[in-house]
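Student: A single structure is presented below for examination.
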Amino acid sequence: MAQLLVAVSDSVFPNLDQARAVLSKVGAEVRLAADAKPETILGVARDADALLTTYAKITGDMIRQMKRCRIISRFGIGVDNVDIGAATERGIVVTRVPDYCIDEVSDHAMALLLALVRKIPFANSMVHAGRWEMPAVVPIHRLRGSVLGLVGFGRIPQLVAPKAKSFGIRVVAYDPYIPKEIFARAGVESVEFAELLKISDYVSIHSPLMAETQSMFNAEVFREMKPTAYLINTARGPIVDEKALADALDAKQIAGAALDVMPQEPPSGSPLFGRPNVIITPHTSFYSEESLVDLQTKAAEEVVRVIDGRMPRNPVNPEVLQRTA
Ligand SMILES: NC(=O)c1ccc[n+]([C@@H]2O[C@H](COP(=O)([O-])OP(=O)(O)OC[C@H]3O[C@@H](n4cnc5c(N)ncnc54)[C@H](O)[C@@H]3O)[C@@H](O)[C@H]2O)c1
């Protein structure tokens, strides 16, 4: 039997040791493309049995030239860099890893919430500039008894909820697509979006980016929030209209914001830069040394499952497998 070959289009990992260890179980050789140009990727992927990919665009044209490929496994949650339609047409299953960083993102959302409410970055920069004074951070409100509104109640916010509750925060959530039992089991109140905006002291966004959530947080929405409210976004940048947020902060319609994601990444200037009541982190919510190990291992395990003729855990086009079953 010919040596199995797994191509890697691009990688953010320091090395591919974990993926190689997993793939060695099926005797597969791993070959990483030297750069993410389509021709270079095809150089390793054209005759590969599987492709692992991170951010590189895997177009229909490329997929049609991959003669032996059975699976395209994404190192990550979203699969928007892969032409799923073309993969489906060629009978190639596309998989993702939806659960490698849910501890990290939920921790990051809480860290942003606490940093905002306790004004840590502002107080820290003040002290480093030689000012040791309490009046500058006034007002700070008590967390216990405050309300956190979660927009979306999927995997990540379901982990935010118990963490917030341990601080005495009341948690409500808006997610029109999940059964009420899930809210009940989590001890979280299900509310309509308008109600969430009205009662929340902090609003944390956890919905996916889709046509219906693009600019979901706009001028009209900021007008409905409490003037003392804080906005936290660890989901996707375009869910928040950046200009409308800057205007809302100028007009004191809300008190501050903490963002791990921006409409354009990396941002080239932003009306949100330089504000003491805005915290921005460079899309690092997902990251810990441990989450990267999980991600690499789980994406490679999907390849092993498919090569072994088993069902992958997280296919995005499972109809391909039903067709071949
Ligand atoms: N910043 C980062 O590093 C990072 C890392 C991982 C995930 N994310 C983002 O976080 C988001 C949430 O992750 P998750 O694992 O909880 O996702 P998930 O897929 O488990 O849940 C998404 C939830 O959003 C709900 N939803 C869909 N449309 C909605 C709408 N219009 N209003 C309210 N809710 C809606 C769905 O019903 C679902 O329950 C992801 O979509 C991803 O974009 C960011």
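Student: Would you mind telling me which numbered condition in (1) touching a strand residue (DSSP E or B) at 6+ places or on another chain (Cβ under 6 Å); (2) open to solvent by 20 Å² or more (accessible area, probe 1.4 Å); (3) within 16 Å of the ligand (Cβ to nearest atom) L148 fails?
Tutor: Checking L148 against (1) touching a strand residue (DSSP E or B) at 6+ places or on another chain (Cβ under 6 Å); (2) open to solvent by 20 Å² or more (accessible area, probe 1.4 Å); (3) within 16 Å of the ligand (Cβ to nearest atom), the one that fails is (2).
Student: Still on this structure, I have one more. Pick out the one residue from D103, D80, D49, D107 that is charged (D, E, K, R) and without any contact (Cβ under 8 Å) to a residue 12 or more places away in the chain.
Tutor: Unique residue meeting the criteria: D80.
Student: If I ask for residues that are open to solvent by 70 Å² or more (accessible area, probe 1.4 Å) and either not in a helix (DSSP H, G or I) or not polar (S, T, N, Q) (or both), which ones from region 18-28 would you list?
Tutor: Within region 18-28, R20, K25 meet the criteria.
Student: Cβ contacts < 6 Å: first residue small (G, A, S), restricted to region 191-217; second residue within 13 Å of the ligand (Cβ to nearest atom) and assigned to a strand (DSSP E or B), any location; separation 6+ or different chain. Result?
Tutor: Short answer, once both residue conditions are applied: S200/G149; S204/L150; S204/I232; S207/V151.
Student: May I pose another question? Can you confirm whether region 294-317 contains a residue that is aliphatic (A, V, I, L, M), farther than 18 Å from N81 by Cβ, open to solvent by 30 Å² or more (accessible area, probe 1.4 Å) and assigned to a helix (DSSP H, G or I)?
Tutor: Within region 294-317 (the criterion being aliphatic (A, V, I, L, M), farther than 18 Å from N81 by Cβ, open to solvent by 30 Å² or more (accessible area, probe 1.4 Å) and assigned to a helix (DSSP H, G or I)), the answer is no, since none of the residues qualifies.
Student: State yes or no: is L231 assigned to a strand (DSSP E or B) and either more than 10 Å from the ligand (Cβ to nearest atom) or surrounded by fewer than 20 Cβ atoms within 10 Å (Cβ to Cβ) (or both)? Talk me through it step by step, then tell me what you get.
Tutor: Values: assigned to a strand (DSSP E or B): yes; either more than 10 Å from the ligand (Cβ to nearest atom) or surrounded by fewer than 20 Cβ atoms within 10 Å (Cβ to Cβ) (or both): yes.
Yes, satisfied.
Student: Can you work out which of the residues in region 156-177 that are outside any loop (DSSP other than H, G, I, E, B) and among the charged types (D, E, K, R) is farthest from the ligand (Cβ to nearest atom)?
Tutor: As a first pass, look at region 156-177 and keep what is outside any loop (DSSP other than H, G, I, E, B): 156-165, 170-174.
Imposing the further condition that a residue be among the charged types (D, E, K, R) reduces the set to 163, 165, 170.
On the way: K163: 14, K165: 17, R170: 19 Å.
Once the filter is applied, the top-ranked residue is R170.
Student: State all residues of region 51-90 that are part of a loop (DSSP other than H, G, I, E, B), within 14 Å of V316 (Cβ to Cβ) and among the polar types (S, T, N, Q); if no residue qualifies, say none.
Tutor: Correct list: N81 only.
Student: Return the residue satisfying two criteria in turn: it lies in region 1-16 and is under 19 Å from L292 (Cβ atoms) and without any contact (Cβ under 8 Å) to a residue 60 or more places away in the chain, and of such residues it is surrounded by the fewest Cβ atoms within 10 Å (Cβ to Cβ).
Tutor: Among them, the one singled out is P14.
Student: Would you check which residues across region 125-145 are open to solvent by 80 Å² or more (accessible area, probe 1.4 Å) and assigned to a helix (DSSP H, G or I) and list them?
Tutor: H128, P135
Student: Scan (1) exposed (fewer than 15 other Cβ atoms within 10 Å of the Cβ); (2) within 22 Å of N277 (Cβ to Cβ) for the single condition A194 breaks and write down its number.
Tutor: For A194, the exception is condition (2).
Student: A further question on this structure: Take region 196-223 and flag every residue that is assigned to a helix (DSSP H, G or I) and within 13 Å of the ligand (Cβ to nearest atom).
Tutor: L196, L197, V221
Student: Inspect all residues belonging to region 69-77 and state whether any of them is on the phi > 0 side of the Ramachandran plot and out of contact with any Cys (no Cβ under 7 Å at 6 or more places or on another chain).
Tutor: Yes.
Student: Taking P162 as meeting all but one of (1) under 21 Å from the mean Cα position of the chain (by Cα); (2) within 22 Å of I239 (Cβ to Cβ), write down the number of the exception.
Tutor: That leaves (2) as the condition not met.
Student: Looking at region 91-122 only, could you name the residues that are more than 9 Å from the ligand (Cβ to nearest atom), open to solvent by 30 Å² or more (accessible area, probe 1.4 Å) and part of a helix (DSSP H, G or I)?
Tutor: Once the filter is applied, which keeps residues that are more than 9 Å from the ligand (Cβ to nearest atom), open to solvent by 30 Å² or more (accessible area, probe 1.4 Å) and part of a helix (DSSP H, G or I), region 91-122 yields D103, D107, A111, L114, I120, P121, F122.
Student: So for region 261-283 (the condition being surrounded by 14 or more Cβ atoms within 10 Å (Cβ to Cβ) and small (G, A, S)), does at least one residue qualify?
Tutor: Yes, some residue in region 261-283 is surrounded by 14 or more Cβ atoms within 10 Å (Cβ to Cβ) and small (G, A, S).
Student: Would you pick out the residues in region 243-254 that are crowded, with 17+ Cβ neighbours inside 10 Å and either more than 22 Å from G152 (Cα to Cα) or within 16 Å of the ligand (Cβ to nearest atom) (or both)?
Tutor: Answer for region 243-254, where residues must be crowded, with 17+ Cβ neighbours inside 10 Å and either more than 22 Å from G152 (Cα to Cα) or within 16 Å of the ligand (Cβ to nearest atom) (or both): A246, A248, L249, Q253.
The values are calculated or read from the model by the stated rules, or taken from the named source; none is laboratory data. On a predicted model such as this, the values are computed, not experimentally measured, just so you know. Note: ideal-geometry Cβ built from the backbone for every residue, glycine included; neighbour counts use all protein chains shown. Calculation scope for accessible area: heavy atoms of the full protein, side chains included, ligands and nucleic acids excluded. Shrake-Rupley method; radii C 1.70, N 1.55, O 1.52, S 1.80 Å.
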